[in-house]
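See structure below.
The values are calculated or read from the model by the stated rules, or taken from the named source; none is laboratory data. Everything numeric in this text was worked out from a predicted model, so none of it was measured. Cβ placement follows ideal geometry from the backbone for every residue including glycine, while neighbour counts extend to all protein chains displayed.
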Amino acid sequence: MIEISHLSKYQGKRNIITDVSFSATHQECLGLFGEDAIAKTTLLDLIAGSVPSSSGHVTIQGFNTRTQAFKARQCMGYQLDQALGHSRMSVREFLHFIAALRGLHGAEKRSRVEQVVARLELGRVFNAPLDALSIGLKRKVGIAQAILHRPALLLLNEPTTGLEPSQKHSFRSLVHSLTQEMTVIIASRHSEELSELCSRALVLADGRLVADAPVSELQRNSRHHQAVTLSSESPLDLLALAVLPGVAGIEEHHQAPGTVTVLAMPGHAIHPHINALVANRRWKINSLNLEPGRVSDVVHHISREATL
């Protein structure tokens, strides 16, 4: 569906993207992980064909983005990182304008606009000026315009920036539903949010693709894999937690008193032992969560190794 082959982008003497290759199939959700925001944005721009590559090529649905640019762009939607804005144009006018650019007319255009407005929950601001919207709402409009024409590939760049916590839950549901219809590639600085959205991780470091693996594999490689985070209103007996079978150590959350993370030795399940201790001591626990693993730890470690 999408084929990236030996893609590179140079600016002067700087290598922003170097020899990146990967492919993706229909109904995949890929996350672009890494600490270099410029590299991630540049890679999305190269895939979209909005900036020329120095070498390599991108093929979308069999169309080369350089030699068959128009047909390739018809197959994709791109939510830009930059916030939308216009002094006079409303959300309604903007979406109808984009729909017309995409070749939609008449009843079909109206129907598509109505569908994306409902899907992105933009009804209450449909007639509002773009400039009057919050950053989060502008992001939603950016996604709406990107899916108007039902693309085969959707590129999202920092899509949750400006969203309220309650909005992020509905956004996750949106991404999961979109993945049933198309291939989705998301770039974000928020690694843990990406790990909840994407099944596959592409890790960029120093402009190179240094890892291409299932998100679950990165989580298993985290020292927080199978860790247990618990919080209590009263101080916890850390020694009692530390001597439980399979416990590798304890991290205290200094910014959240009463909250600790108990680390597990590789291959050990400490969750049942902690549950038993809590019940035996009759601790009043506010929350107790088993962690799948923190992708941010692994991305940071991989990135540091790649730049040594």
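Among the numbered criteria (1) loosely packed, with under 14 Cβ neighbours inside 10 Å; (2) modelled with pLDDT under 95; (3) among the aliphatic types (A, V, I, L, M), which single criterion is violated by Val295?
The one condition Val295 does not meet is (1).
When Glu35 is evaluated against the numbered criteria (1) of a type in the set (Asp, Glu); (2) surrounded by 14 or more Cβ atoms within 10 Å (Cβ to Cβ); (3) within 26 Å of Gln180 (Cα to Cα), which criterion, by number, is the only one it fails?
(3)
Give the range 235-265 a look and list any residue that's of a type outside the set (A, V, I, L, M), without any contact (Cβ under 8 Å) to a residue 40 or more places away in the chain and surrounded by fewer than 15 Cβ atoms within 10 Å (Cβ to Cβ), or say none.
Across the range 235-265, the qualifying residues are Pro235, Pro245, Gly249, Glu251, Glu252, His253, His254, Gln255, Pro257.
Sort out which residues of the range 216-234 are surrounded by 23 or more Cβ atoms within 10 Å (Cβ to Cβ) and part of a helix (DSSP H, G or I), and write them in order of number.
Leu218
When the range 27-52 is examined, which residues are found to be at pLDDT 95 or above and either part of a loop (DSSP other than H, G, I, E, B) or not assigned by TED's automatic domain parsing to the domain that holds Lys9 (or both)?
Hit for the range 27-52 is Glu28, nothing else.
In the range 141-149, is there at least one residue being out of contact with any His (no Cβ under 8 Å at 6 or more places or on another chain) and free of Cβ contacts under 8 Å to residues at least 40 places away in the same chain?
Initially, the range 141-149 is screened for residues out of contact with any His (no Cβ under 8 Å at 6 or more places or on another chain), giving 141-149.
Filter again for free of Cβ contacts under 8 Å to residues at least 40 places away in the same chain, leaving none.
Looking through the range 141-149, none of the residues is out of contact with any His (no Cβ under 8 Å at 6 or more places or on another chain) and free of Cβ contacts under 8 Å to residues at least 40 places away in the same chain.
In the range 135-156, is there at least one residue being within 17 Å of the chain's Cα centre (by Cα) and among the polar types (S, T, N, Q)?
no
Would you confirm whether any residue within the range 261-276 is farther than 16 Å from Gln226 by Cα and outside any loop (DSSP other than H, G, I, E, B)? Reasoning before the result, please.
To start, the set of residues in the range 261-276 that are farther than 16 Å from Gln226 by Cα comprises 276.
Subsequent filtering for residues that are outside any loop (DSSP other than H, G, I, E, B) retains 276.
Checking the range 261-276: at least one residue is farther than 16 Å from Gln226 by Cα and outside any loop (DSSP other than H, G, I, E, B).
For Val210, are the conditions met, namely being buried (at least 20 other Cβ atoms within 10 Å of the Cβ), among the β-branched types (Val, Ile, Thr) and more than 16 Å from Ile143 (Cβ to Cβ)? Give the steps one after another, and end with the answer.
Details: buried (at least 20 other Cβ atoms within 10 Å of the Cβ): no; among the β-branched types (Val, Ile, Thr): yes; more than 16 Å from Ile143 (Cβ to Cβ): yes.
Against the criterion (buried (at least 20 other Cβ atoms within 10 Å of the Cβ), among the β-branched types (Val, Ile, Thr) and more than 16 Å from Ile143 (Cβ to Cβ)), Val210 does not qualify.
Just to check your reading of the model, which residue among Glu193, Glu121 is over 15 Å from the mean Cα position of the chain (by Cα) and either modelled with pLDDT under 95 or in a helix (DSSP H, G or I) (or both)? Spell out the reasoning first.
Values: Glu193 fails: over 15 Å from the mean Cα position of the chain (by Cα).
Checking each option against the conditions leaves just Glu121.
Would you confirm whether any residue within the range 90-107 is surrounded by 14 or more Cβ atoms within 10 Å (Cβ to Cβ) and of a type in the set (Ser, Thr, Tyr)?
Among the residues of the range 90-107, at least one is surrounded by 14 or more Cβ atoms within 10 Å (Cβ to Cβ) and of a type in the set (Ser, Thr, Tyr), which makes the answer yes.
Which of the residues spanning the range 11-32 are touching an Asp or Glu at 6+ places or on another chain (Cβ under 7 Å) and either free of Cβ contacts under 8 Å to residues at least 60 places away in the same chain or surrounded by fewer than 14 Cβ atoms within 10 Å (Cβ to Cβ) (or both)? Walk me through it before giving the result.
Taking the range 11-32 as the starting set, the residues that turn out to be touching an Asp or Glu at 6+ places or on another chain (Cβ under 7 Å) are 22-23.
Answer for the range 11-32, where residues must be touching an Asp or Glu at 6+ places or on another chain (Cβ under 7 Å) and either free of Cβ contacts under 8 Å to residues at least 60 places away in the same chain or surrounded by fewer than 14 Cβ atoms within 10 Å (Cβ to Cβ) (or both): just Ser23.
Only one of (1) in a loop (DSSP other than H, G, I, E, B); (2) touching a residue at least 40 places away in the same chain (Cβ under 8 Å); (3) surrounded by fewer than 21 Cβ atoms within 10 Å (Cβ to Cβ) fails for Pro159. Which number is that?
(3)
How many of the residues making up the range 277-292 are in a helix (DSSP H, G or I) and either touching a residue at least 24 places away in the same chain (Cβ under 8 Å) or surrounded by 13 or more Cβ atoms within 10 Å (Cβ to Cβ) (or both)? Step through it out loud before you land on a result.
In the first step, residues of the range 277-292 are kept if they are in a helix (DSSP H, G or I); the result is 277-281.
If we keep only those that are either touching a residue at least 24 places away in the same chain (Cβ under 8 Å) or surrounded by 13 or more Cβ atoms within 10 Å (Cβ to Cβ) (or both) as well, we get 277-278, 281.
Residues meeting the conditions: 3.
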